[in-house]
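Peer 1: Below you will find the structure I want to go over with you.
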Amino acid sequence: MRSIPFPLLASALAGLLGISCNTAREPDAPQSPPRPAATESAGEPSSTTQSKPVGGAEHEGCERAAIAQLISAPEDVPTPADLTSTCARPQATLIAIAQDPDGLGLTRLRAIELLGTFRSDSAVAALAKLARSEGDLASIRRTALVALGRSTAAGDARRTATAQAALTDPDPHVRAAAEKLLAK
Amino acid sequence: MLPSGPYLPCEAGDFDLGQASTAGLSMVPLAVDISQPSSLLGQPVVESAPLSLCVPEDAVSLALYGDGGEMVLPTSWIGSGIGEIIDTSSVQALVRAVTPDLSLPKSAEVPLAAGRHTFKLASEFPWSPPTEVALRRGQRGDATGFSLNFIIVDGSGLDSSDAAALEDAAKVFDELYAQANVLVVAAGGGTISDSSLAVLDSNKLGDLASATVTSSVDAPLIDGALDLYFVRELLAQETAGQLAGKAMGIPGVASLIAKSGVVISVDAHRRGLALDYVALWTTAAHEVGHWHGLRHTTERWGQPHDYLVDTPQCSTWKDLNKNGFVEPFECRGSGAENLMFWYLDMNQLPTQLTAGQAFVLHSALTMTPL
């Protein structure tokens, strides 16, 4: 049985967040930086152009309503594994949720954070666009910048350009996120 | 079936909580030395020797705060009238019984009985933590009330333009608790000017609770009240770490900084740029329920359940889409309608509290009989 640092065990139990309450599983381990999913080609296929037909169950799991519900539990933060166990290719759905201007804030913000676990061109492009969305919530822009930092490597041109543009954002938390991103 | 146990009379040498406390709510410090090697879930930990408390006859509720933070866990409890209820062999059992802090009663069936209660605490390393027992004495009451402080952090996005809508939507909160004969009897208000706290890590809640609050002139802050904070964003440490809200303790208590309130994310409740005030207040009601000691009726995996016999359970077999979660659409009629279901569905808000949950609320540390 792998060792679980006690403070993190206590913290996980105390917060009742992200806890695997199935006795067959260990508690969630401390969060290490997420491993990015396999990168996709520059011509990012949408769910409608997949070369392989999606099975019925997987397709249902990838429906927007299903993904939105999965990622919207107010106190329970979904893990990337939670997401991909339901839908193997959630990026297009996550992008649609994140970009929905009328969507519930919690759902959009979670979708943006989860997009940060992908390194595909489509995910990066979506995050960069969200980070510049002037008429949107500052929390959307800030979260997109943080996710962009996870989704790209230091020195990535898109990351650098987006962060530099955000240095003049009217929101101080967005500016702070941009500074942090450029400093990495 | 919970283990039932005999009344355990107090013994010489027990720490006499009756002598150390007064009517109402008392915070009683305990000297605990965590120094004995032990194991928890297969891991080496350090544990205290058994510490026995003598609970007085008029005790209504009790909470054991190992260190006021998250470094100490209770690992054993042998309670008068209930027997040992902490099973330390699984995460699930620990979650159900003691986290984040041990409190009694858990239900009318798992009460806080007078007499001898013996516990142990564990931590990763040897130390003497600042352990305290919160004890409420007196009458429980069938109708109770509590006070709230509304504290808005600058930069949260809430301002005077939201006041009317917030006040109007607050009836959702009131109606939820009215089911249980629980009322908000007084409300104060204040603001925190440190806007850096508007985007808050959930492991920095102590910073929020320690921040300087400017009291409202019209509704001054109330000592001992539950502090209900509104921030713009509340961040957990996980990857998709946005939270809608968080209670600082289950239960919380005003006199411990780290456990003194509830935090709500404003932007989590926006639809576009508009604010869903009803969803905001429902989340607040859920988190306040935790703060008063209520647990989730069912956890995300379909287990464990709370100790209440009248809260609906949505068990693992209802996970129809086999994604490992019991979601609201799978639990309609099986608990999704309850305020304390693990998943508060903001598109179909919960509306129910049970008589068993009312018992826990009436017993809560900071409730006052009306």
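Peer 1: If I go through region B:94-135 residue by residue, how many of them are part of a loop (DSSP other than H, G, I, E, B) and hydrophobic (A, V, I, L, M, F, W, C)?
Peer 2: Looking only at that region, the number is 7.
Peer 1: Can you confirm whether region B:207-218 contains a residue that is surrounded by fewer than 23 Cβ atoms within 10 Å (Cβ to Cβ), within 14 Å of chain A (Cβ to nearest Cβ), in contact with a strand residue (DSSP E or B) (Cβ under 8 Å, 6 or more places away or on another chain) and not in a loop (DSSP other than H, G, I, E, B)?
Peer 2: no
Peer 1: On the basis of being surrounded by 15 or more Cβ atoms within 10 Å (Cβ to Cβ), modelled with pLDDT under 65 and under 14 Å from the mean Cα position of the chain (by Cα), does A:Pro45 make the cut?
Peer 2: So A:Pro45 fails the test.
Peer 1: Within region A:72-102, count every residue that is within 23 Å of A:Arg132 (Cβ to Cβ), facing chain B (nearest Cβ under 7 Å) and touching a Lys or Arg at 6+ places or on another chain (Cβ under 7 Å).
Peer 2: Count: 1.
Peer 1: Right, here's the next one. Yes or no: region B:237-247 includes at least one residue that is farther than 16 Å from B:Phe146 by Cβ, surrounded by 24 or more Cβ atoms within 10 Å (Cβ to Cβ), within 14 Å of chain A (Cβ to nearest Cβ) and within 14 Å of the chain's Cα centre (by Cα).
Peer 2: yes
Peer 1: Could you please let me know if B:Ala274 is facing chain A (nearest Cβ under 7 Å), out of contact with any Asp or Glu (no Cβ under 6 Å at 6 or more places or on another chain) and hydrophobic (A, V, I, L, M, F, W, C)?
Peer 2: Spelling it out, it is not the case that B:Ala274 is facing chain A (nearest Cβ under 7 Å), out of contact with any Asp or Glu (no Cβ under 6 Å at 6 or more places or on another chain) and hydrophobic (A, V, I, L, M, F, W, C).
Peer 1: Name, by its number, the condition in (1) out of contact with any Ser or Thr (no Cβ under 9 Å at 6 or more places or on another chain); (2) basic (Lys, Arg); (3) assigned to a strand (DSSP E or B) that does not hold for B:Lys204.
Peer 2: (3)
Peer 1: Can you tell me which residue within region B:289-316, out of those that are β-branched (Val, Ile, Thr) and within 13 Å of chain A (Cβ to nearest Cβ), is surrounded by the fewest Cβ atoms within 10 Å (Cβ to Cβ)?
Peer 2: Among residues in region B:289-316 that are β-branched (Val, Ile, Thr) and within 13 Å of chain A (Cβ to nearest Cβ), the one surrounded by the fewest Cβ atoms within 10 Å (Cβ to Cβ) is B:Thr316.
Peer 1: Separate question: Can you tell me how many residues in region B:248-270 are within 14 Å of another protein chain (Cβ to nearest Cβ) and over 16 Å from B:Val184 (Cβ atoms)?
Peer 2: Within region B:248-270, residues that are within 14 Å of another protein chain (Cβ to nearest Cβ) and over 16 Å from B:Val184 (Cβ atoms) number 14.
Peer 1: Report yes if some residue within region A:148-156 is touching a residue at least 60 places away in the same chain (Cβ under 8 Å), assigned to a helix (DSSP H, G or I) and either within 11 Å of chain B (Cβ to nearest Cβ) or within 13 Å of the chain's Cα centre (by Cα) (or both); otherwise report no.
Peer 2: yes
Peer 1: Looking at (1) assigned to a loop (DSSP other than H, G, I, E, B); (2) under 26 Å from B:Thr297 (Cβ atoms), which one does B:Leu221 not meet, given that it meets all the others?
Peer 2: Unmet for B:Leu221, out of (1) assigned to a loop (DSSP other than H, G, I, E, B); (2) under 26 Å from B:Thr297 (Cβ atoms): (2).
Peer 1: How about region B:299-333: which of its residues are among the small types (Gly, Ala, Ser) and touching a Phe, Trp or Tyr at 6+ places or on another chain (Cβ under 9 Å)?
Peer 2: If the condition is that a residue be among the small types (Gly, Ala, Ser) and touching a Phe, Trp or Tyr at 6+ places or on another chain (Cβ under 9 Å), then B:Gly302, B:Gly324 are the ones that fit.
Peer 1: Scan region B:118-131 and tell me whether some residue there is closer than 15 Å to B:Tyr7 by Cβ and touching a residue at least 60 places away in the same chain (Cβ under 8 Å).
Peer 2: yes
Peer 1: Consider region B:158-181. How many of its residues are hydroxyl-bearing (Ser, Thr, Tyr) and either outside any helix (DSSP H, G or I) or closer than 19 Å to B:Ala268 by Cα (or both)?
Peer 2: Counting residues in region B:158-181 that are hydroxyl-bearing (Ser, Thr, Tyr) and either outside any helix (DSSP H, G or I) or closer than 19 Å to B:Ala268 by Cα (or both) gives 1.
The values are calculated or read from the model by the stated rules, or taken from the named source; none is laboratory data. Every value quoted in this text rests on a predicted model; they were computed, and no experiment measured them. Methodologically, a virtual Cβ is constructed for each residue, glycine included, from the backbone with ideal geometry; neighbour enumeration extends over all protein chains shown.
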